[in-house]
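Here's the structure, in structure tokens; my notes come after.
The values are calculated or read from the model by the stated rules, or taken from the named source; none is laboratory data. Predicted, not measured: the structure shown is a model, and the values here were computed from it. Note: ideal-geometry Cβ built from the backbone for every residue, glycine included; neighbour counts use all protein chains shown.
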2 protein chains.
Amino acid sequence: MSYKSDIEIAREANKKPIQEIGARLGIGADHLLPYGHDKAKVSQDFIAGLNGHENGKLILVTAINPTPAGEGKTTTTVGLGDGLNRIGKNAAICIREASLGPCFGMKGGAAGGGYAQVVPMEEMNLHFTGDFHAITSAHNLLSAMIDNHIYWGNELEIDERRIVWRRVMDMNDRALRDIVVSLGGVANGFPRQGGFDITVASEVMAILCLADDLDDLRKRLGDIIVAYRRDRTPIYARDIKADGAMTVLLKDAMQPNLVQTLENNPAFVHGGPFANIAHGCNSVIATKTALKLADYVVTEAGFGADLGAEKFFDIKCRKAGIAPDAVVIVATVRAMKMNGGVAKADLGPENVEAVQKGCPNLGRHIANVKGFGVPVVVAINHFVTDTEAEIQAVKDYVASQGSEAILCRHWEKGGEGAEELATRVAELADGGWSHFAPLYPDDMPLFEKVETIAKRIYHADEVLADKKIRDQLREWEKAGYGHLPICMAKTQYSFSTDPNLRGAPTGHSVPVREVRLSAGAGFIVVICGEIMTMPGLPRHPSAEAIMLNEAGEVEGLF
Amino acid sequence: MSYKSDIEIAREANKKPIQEIGARLGIGADHLLPYGHDKAKVSQDFIAGLNGHENGKLILVTAINPTPAGEGKTTTTVGLGDGLNRIGKNAAICIREASLGPCFGMKGGAAGGGYAQVVPMEEMNLHFTGDFHAITSAHNLLSAMIDNHIYWGNELEIDERRIVWRRVMDMNDRALRDIVVSLGGVANGFPRQGGFDITVASEVMAILCLADDLDDLRKRLGDIIVAYRRDRTPIYARDIKADGAMTVLLKDAMQPNLVQTLENNPAFVHGGPFANIAHGCNSVIATKTALKLADYVVTEAGFGADLGAEKFFDIKCRKAGIAPDAVVIVATVRAMKMNGGVAKADLGPENVEAVQKGCPNLGRHIANVKGFGVPVVVAINHFVTDTEAEIQAVKDYVASQGSEAILCRHWEKGGEGAEELATRVAELADGGWSHFAPLYPDDMPLFEKVETIAKRIYHADEVLADKKIRDQLREWEKAGYGHLPICMAKTQYSFSTDPNLRGAPTGHSVPVREVRLSAGAGFIVVICGEIMTMPGLPRHPSAEAIMLNEAGEVEGLF
């Protein structure tokens, strides 16, 4: 049996004009700023006018710890949205934008897969509506203004050794990770160490995704700490007078993007913050807008539920004042097997025992999410090689945990394949069973917040942090940042900080290597292990095979 | 008397939907890819379908050597286009896109001024339709792939000391001019010197502006020389396998942008190559498309006629197979005075003598342009402080040179103020007087081409170039690049290479400091003097005052 590729399916899409998609949500053509015929931004004015409208139900799609086998979180988000619409519900989805750089390395697209895709997928994986370029520009304008300030006399007394604001590029370019700038003599400034991160790792990206509106955006941009003086007092972007111009550069990017699924259902695609050093969720403004316009809003969070859902709950929901009505945890039989110790090459043959052995990873995510007071259902994203017995093993396990697992075939059949899941999710969301509460209160001391996440979510025994780190957290508490939530940066492959420790480990320690204050975004990043903020290209980057074919279509991107 | 600012006038514009503007040119809504309601790209398919249509008349707007007083070349281009439409002609204009970076330094916008503007001006000076971001991405993808190639074994044997492909950013950032990359250890590659230019200085920009279509674009991108081996043989972008992916990144950027003037006349705004190390004209594809759709196309070239018009004739027209039917040389009384030796602070009072003393600068441009076989008319761009006697002095001088100078008030009155100019330009263009020929034939030896430009256009006595430079030019001739035109890079402020030598100097020498081969763009850059390819920000960058006001409008950008 042969299947069409994602790009082949996407090309056959019967797209409707974006104005029709907007009209279904009650957005007039005047309030849609088109980008081509199949993409549009929703105007700030329209969004401001929604104040006071009632909210729809919010559904989060999260997953088990990712494995190389893939789980299909975005695919399930799209399939569930289409499924809800198929059973007569007015549903919209909210997902993240794709980063351009990694598409030229080895990463696939970020628009779903099979018959559960968002279109136009090529453009979503290229420049889309230019949001990430705007973020790159705003970030680098601030960088240029910092060095320029020093060049012209350094009135603010910036300690050049303590500049914490780097530069960004939406590209996988390891050569830029660690550089020396301002060489070449007097006219080029004072030589110092610097470097580039990938754009999605920019605090500007996190800010855009958390800001309520343009006023809030400007305030948060002004709050960014760019450097310190010799006396360790911080210097803000506001001091550099960059916040106004950065806001101007971001004014269009702040407007959520509307596109459609293959089944012509509305999809908001907006923002794409790094899921480790930031919170990894689509924008607050898109989610809130969708909630005003649709009865059901399906959204996703980065990585597995230990990282993604926790940040969705403790950072995004807390800060945005929203609460999930139901959560879907995506699992695949193959990923269960890998969690059960099977190598990727051996995933083919039926292996019920391995499935059973991997299930505790799923079980812990179920329990964790329930701990936030939210009803849970498991979606088994069907793969053609799955056997009946393997699927049943997952279902049985989930039932034993007091939850339900539903087999979904949206990859193969689109929304039709997710109707059962949609029906159950709607029941859960409508049932009023959610009594969401974040994991920790705002006023808990910072280190205690870290311990709470480590013990309650990761099931670790302890958090290891030397005096310097504990002192730093206490200093920030004194400086008025003690109310901020924690943004954990650790490997996505395990509950622990060891990427090879699959399943549901216990008895481990969480060593904190570094803490960073994202004062504009409004969280404290706690780094456990190596975090790569600028990826490199592989030996044979996919860029080598990307080209336009004779029909002018993009080949090789996916 | 008080005047409204450019931005105030632009905000009051009574814009028509871009589809109406397109319809006037015969472009159906299906072939317009909208970006908001007032900008659109014209589809490649539509452009391909224009093959065989008859061309309209091509009018170039150029200027005397620029002075800090300003000449208003873009303003006159817009005013003339509006004027032609007012006298019943079907006219379109073609101008360049603005670079984002300099707008945050001190540069004003690039959309004209007063009542002769193109709108939406804020967006044209910000991200517009994302073309420059696409160029940045394509350029930097190639950069990343070069370092990545070396990292993974350097199969092509790139000599790391002879990498000639830098990185680009659309930002004024002097700290990036001269950097060391790949520090930080084994995982980050091999440390080497590098640097960033501003995006408009990228060869990719020049290529986009000279390419006929996407196939030609890919071919030219592949022809870019990125580095040399130890044996000095060149390595091309094609060898790095970057040309396909770069083309994909540029596929939308290759589609010309359509906007409108304040008087709702069509304006193509596309491309913006540096006017010194590149040719400084809007894209060939936009100009050719406009020529198929309008009876009169008004376009402009960078800097004064010695640099801009010469490159327009010898690079753009030669390579694109187009020919101008008439040329407008823009002058102002104030600029004449500065050319006559008056300081900017003293431009206020009437000074007929200084005007007369500055006129030979204009006279030489008139003679030079006539030398290309094209009829010329001078536009005196009226300034409120100009006196009757000063204006008459310019008119008398121009008459003495066998040409005509026409006073234009488009800044104050829009197209109405340029009706007289429009009438005369249409007569000239329709008269069939143009017998355009480039300055030198393709097969002239490269150094002789440089001498021809220096002597015939700059009125220099000689070109000074040491043996190394002459040898290099001969090597390129042997390598098959001898047919390429020359792209002179010298100061725009003087016919000579000394920016302080105003008027119409003679007896000077043109020292060649360096020559560069832009094999993809298809010209040889001859550098005379210092050429800054990455600007810096001033002590108080305009970014400090740029912000959104309470109405959500952009303040401080202009």
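Does the stretch A:402-424 contain any residue that is aromatic (Phe, Trp, Tyr), assigned by TED's automatic domain parsing to the domain that holds A:VAL328 and more than 23 Å from the chain's Cα centre (by Cα)?
Checked against the condition, which is being aromatic (Phe, Trp, Tyr), assigned by TED's automatic domain parsing to the domain that holds A:VAL328 and more than 23 Å from the chain's Cα centre (by Cα), the stretch A:402-424 yields no hits at all.
Name the one entry in A:GLY189, A:GLY195 that is closer than 25 Å to A:GLN492 by Cα and among the small types (Gly, Ala, Ser).
Every option except A:GLY195 fails the conditions.
Sort through B:ASN339, B:ASN257, B:ASN282, B:ASN264 and tell me the only one that's more than 18 Å from B:LEU221 (Cβ to Cβ), of a type outside the set (Gly, Ala, Ser) and within 14 Å of chain A (Cβ to nearest Cβ).
The unique qualifying residue is B:ASN257.
From A:ASN257, A:ASN188, grab the single residue that is without any contact (Cβ under 8 Å) to a residue 12 or more places away in the chain and among the polar types (S, T, N, Q).
Exactly one residue qualifies, and that residue is A:ASN188.
When the residues of the stretch B:516-543 are narrowed to those that are crowded, with 18+ Cβ neighbours inside 10 Å and over 30 Å from B:ARG238 (Cβ atoms), which ends up farthest from the other protein chains (Cβ to nearest Cβ)?
Checking each candidate, the answer is B:CYS528.
Confirm whether A:LEU156 is of a type outside the set (S, T, N, Q) and either assigned to a helix (DSSP H, G or I) or closer than 22 Å to A:ILE277 by Cβ (or both).
Spelling it out, it is not the case that A:LEU156 is of a type outside the set (S, T, N, Q) and either assigned to a helix (DSSP H, G or I) or closer than 22 Å to A:ILE277 by Cβ (or both).
Checking B:ALA10 against (1) farther than 20 Å from B:THR129 by Cβ; (2) in a helix (DSSP H, G or I); (3) touching a residue at least 40 places away in the same chain (Cβ under 8 Å), only one condition comes out false. Which one?
Condition not satisfied by B:ALA10: (1).
Mind checking which residues of the stretch A:160-185 are part of a loop (DSSP other than H, G, I, E, B) and free of Cβ contacts under 8 Å to residues at least 40 places away in the same chain?
A:ARG166, A:ASP178, A:SER182, A:LEU183, A:GLY184, A:GLY185
Restricting the search to the stretch A:267-298, which residues are outside any helix (DSSP H, G or I), out of contact with any Pro (no Cβ under 9 Å at 6 or more places or on another chain) and not aromatic (Phe, Trp, Tyr)?
Correct list: A:ALA267, A:GLY272, A:PRO273, A:ALA275, A:ASN276, A:ILE277, A:ALA278, A:ASP295, A:VAL297, A:VAL298.
Could you grab me the full set of residues in the stretch A:214-241 that are out of contact with any Asp or Glu (no Cβ under 8 Å at 6 or more places or on another chain), within 12 Å of chain B (Cβ to nearest Cβ) and part of a loop (DSSP other than H, G, I, E, B)?
The answer is A:ASP239, A:ILE240.
For the list (1) more than 21 Å from A:GLY522 (Cβ to Cβ); (2) assigned to a strand (DSSP E or B); (3) among the polar types (S, T, N, Q); (4) touching a Ser or Thr at 6+ places or on another chain (Cβ under 9 Å), I need the number of the one condition that A:GLN255 fails.
(2)
Which members of the stretch A:151-177 meet the condition of being facing chain B (nearest Cβ under 9 Å) and surrounded by fewer than 22 Cβ atoms within 10 Å (Cβ to Cβ)?
A:TYR151, A:TRP152, A:GLY153
If the Cβ limit is 9 Å and pairs must be 6+ apart or interchain, which residue in the stretch B:488-505 that is outside any loop (DSSP other than H, G, I, E, B) pairs with which residue that is surrounded by fewer than 21 Cβ atoms within 10 Å (Cβ to Cβ)?
What qualifies is B:MET488/B:ILE527; B:ALA489/B:GLU514; B:ALA489/B:ARG516; B:ALA489/B:ILE527; B:ALA489/B:GLY529; B:ALA489/B:ILE531.
Table: residues versus (1) at negative phi; (2) modelled with pLDDT of 95 or more; (3) out of contact with any strand residue (DSSP E or B) (no Cβ under 7 Å at 6 or more places or on another chain); (4) surrounded by 24 or more Cβ atoms within 10 Å (Cβ to Cβ).
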position: B:MET205; (1), (2), (3), (4): yes, yes, yes, yes
position: B:ARG218; (1), (2), (3), (4): yes, yes, yes, no
position: B:VAL226; (1), (2), (3), (4): yes, yes, no, yes
position: B:ARG230; (1), (2), (3), (4): yes, yes, yes, no
position: B:TYR236; (1), (2), (3), (4): yes, yes, no, no
position: B:ALA242; (1), (2), (3), (4): yes, yes, yes, yes
position: B:MET246; (1), (2), (3), (4): yes, yes, yes, yes
position: B:VAL259; (1), (2), (3), (4): yes, yes, no, yes
position: B:ALA275; (1), (2), (3), (4): yes, no, yes, no
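Among the numbered conditions (1) within 14 Å of chain B (Cβ to nearest Cβ); (2) in contact with a strand residue (DSSP E or B) (Cβ under 8 Å, 6 or more places away or on another chain); (3) touching a residue at least 40 places away in the same chain (Cβ under 8 Å); (4) not hydroxyl-bearing (Ser, Thr, Tyr), tell me where A:GLU300 comes up short.
All conditions pass for A:GLU300, except number (1).
Is at least one residue of the stretch B:13-30 assigned to a loop (DSSP other than H, G, I, E, B) and acidic (Asp, Glu)?
No: zero hits.
Here is a list: B:PHE128, B:PHE132. Which entry is within 14 Å of chain A (Cβ to nearest Cβ), at pLDDT 95 or above, under 15 Å from the mean Cα position of the chain (by Cα) and closer than 27 Å to B:VAL284 by Cα?
The match here is B:PHE132.
Please find, within the stretch A:110-124, the residue that is farthest from A:ASP170 (Cα to Cα) out of those that are within 14 Å of chain B (Cβ to nearest Cβ) and surrounded by fewer than 24 Cβ atoms within 10 Å (Cβ to Cβ).
Among those that are within 14 Å of chain B (Cβ to nearest Cβ) and surrounded by fewer than 24 Cβ atoms within 10 Å (Cβ to Cβ), it is A:PRO120.
Identify, by number, the condition in (1) within 13 Å of another protein chain (Cβ to nearest Cβ); (2) surrounded by fewer than 19 Cβ atoms within 10 Å (Cβ to Cβ); (3) part of a helix (DSSP H, G or I) that A:HIS37 doesn't meet.
If we test A:HIS37 against (1) within 13 Å of another protein chain (Cβ to nearest Cβ); (2) surrounded by fewer than 19 Cβ atoms within 10 Å (Cβ to Cβ); (3) part of a helix (DSSP H, G or I), just (3) comes out false.
In the stretch A:2-26, which residue that is within 14 Å of chain B (Cβ to nearest Cβ) and at pLDDT 95 or above is farthest from A:ASN549 (Cα to Cα)?
This residue is A:GLY22.
Have a look at B:ASN51, B:ASN65 and point out the one that is without any contact (Cβ under 8 Å) to a residue 12 or more places away in the chain and either in the same structural domain as B:ILE21 (by TED's automatic domain parsing) or in a strand (DSSP E or B) (or both).
The unique qualifying residue is B:ASN51.
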